[in-house]
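Below: the structure, in structure tokens.
Throughout, read-outs are computed from the coordinates displayed, never taken from laboratory work. The model shown is predicted, which means the values in this text are computed figures rather than measured ones. When we count neighbours, we look across all protein chains shown, and the Cβ atoms used for this are built from the backbone with ideal geometry, even at glycine.
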Amino acid sequence: MSEPKPKRDIARELFRAYKTQIRKPRKIVELEERVNTSDPQPLSTVFNEIITNRDWRQGIAEGNLFSDWEKVVGEDIAQHSNPITLLDGKLTIQTSSTAWATQLRLISNDLLKTLQQSAPGALVEELVVIGPHAPSWKRGLRTIRGAKGPRDTYG
């Protein structure tokens, strides 16, 4: 008869792999690529290396889009709109009134081109414009069964 195979201890194997630092290779620029690692480097060079190594370019571009909203879209539009989310290329913008929501929907193609030019690293493919938050009219004095309620001033 043959001897039974010993059981594998996966936890021990993982610990040994961690201890010997056998890990997946990363896309890291080696320090030897710098001209001289002992010399001081400008902060811009160091930051650019970190951003490149960690693949942060898109995230920084998207963050700049949110923080520089007024510079990107202009003062008038920025007073009446705020970027809410940017998920899967869809930028959601909330406006202060339904009139502004309608105006932004009408100029959405031009606005999208402006956003793509001003934040080239950000992935903005589509705009979703919503109006202001509306109160719920489900209960109260102004409730009518089967009717939506007074919705003429909300998104």
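Classify the range 43-130 from the C-alpha gyration tensor, please: rounded if a/c falls under 1.5, else prolate or oblate depending on whether a/b exceeds b/c.
It is prolate, given that a/c is not under 1.5 and a/b is the larger ratio.
Across the range 60-73, coupling constants 3J(HN,Hα) worked out from phi with the 6.51/-1.76/1.60 Karplus curve, θ = phi - 60°, read 5, 5, 5, x, 5, 4, 6, 6, 9, 3, 5, 5, 6, 9 Hz, and Gly and Pro carry x.
Counting only DSSP beta bridges with both residues in the range 43-130, what percent are antiparallel, rounded to the nearest 5?
Numbers: 6 of 11 bridges.
DSSP beta bridges in the range 43-130 are roughly 55 percent antiparallel.
Give me LEU111, LEU127 sorted ascending by neighbouring Cβ count inside 10 Å, so fewest comes first.
On the way: LEU111 22, LEU127 18.
Least crowded to most crowded, the residues run LEU127, LEU111.
From least to most packed, judged by other beta carbons within 10 angstrom and beginning with the fewest, TRP69, TRP56, TRP100 follow the order TRP56, TRP69, TRP100.
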